[in-house]
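Here, each number is a calculation from the coordinates, and none is a lab measurement. Since we're looking at a predicted model, the values are computed, not measured. FYI the Cβ positions are ideal-geometry reconstructions off the backbone, even for glycines, and counts take in every protein chain you see.
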Amino acid sequence: MKKIILPILLILLASCGAVRVNYDYSQETDFSVYTTYDYYPDMDTGLSQLDTKRLLRVVDSVMQIRGFSISDQPDFYINIQSSVYRDATSSSVGVGMGGTGRNVGGGISVGVPLGGSGITREIVFDFVDADRDALFWQAVSNSNYRENASPSTRERVLREVVAKVFSKYPPSK
């Protein structure tokens, strides 16, 4: 029994810190025409100044590795927004009744939340065509958030978020 419980617990713990990302994009977009980028001048990330610097440094690093360059006359702008929210607890109560023939049965089930409610940070990355002022790609990331995390932990989490977000850019059609 112990041999079964330990792997299940490890999987649950590993999944708790996972970064989840949802993607959307315009199917008519030719992603090969975008080679230069910049950030919106009035961008308000919703992050602290230090976290904003960390995030932009990581994004710039990933973009340069992927062959993009920052420019005063960019092909597209990057807009980043974030918010923090408390997850709802996942407890529930269910009542059921059923039967066949002369047998009738009933039951009550209770869902017990594991770990309670946590804090999640959502970061939205919008890529907007500079000439048409039109959104052509978007990624919405969700990850666990700790307000009292150390600077190195904050940097590590932001690197994980950016790596996961840009793993699907440009999208394969």
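So how do 40-49, 156-165 stack up, highest first, on mean other-Cβ count within 10 Å? List each step's numbers first, then the result.
On the way: 40-49: 12.2, 156-165: 18.5.
Averaged packing, sorted descending, gives the order 156-165, 40-49.
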Under 14 Å, Cβ to Cβ, from ARG66 - net charge with Lys/Arg +1 and Asp/Glu -1
-1
What is the order of GLU155, GLU147, fewest Cβ neighbours within 10 Å to most?
GLU147, GLU155
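Please arrange ASP72, ASP24 by counting, for each residue, the other beta carbons lying within 10 Å of its beta carbon, fewest first. Before the final figure, lay out each step's value.
On the way: ASP72 6, ASP24 11.
Neighbour counts put them in this order, fewest first: ASP72, ASP24.
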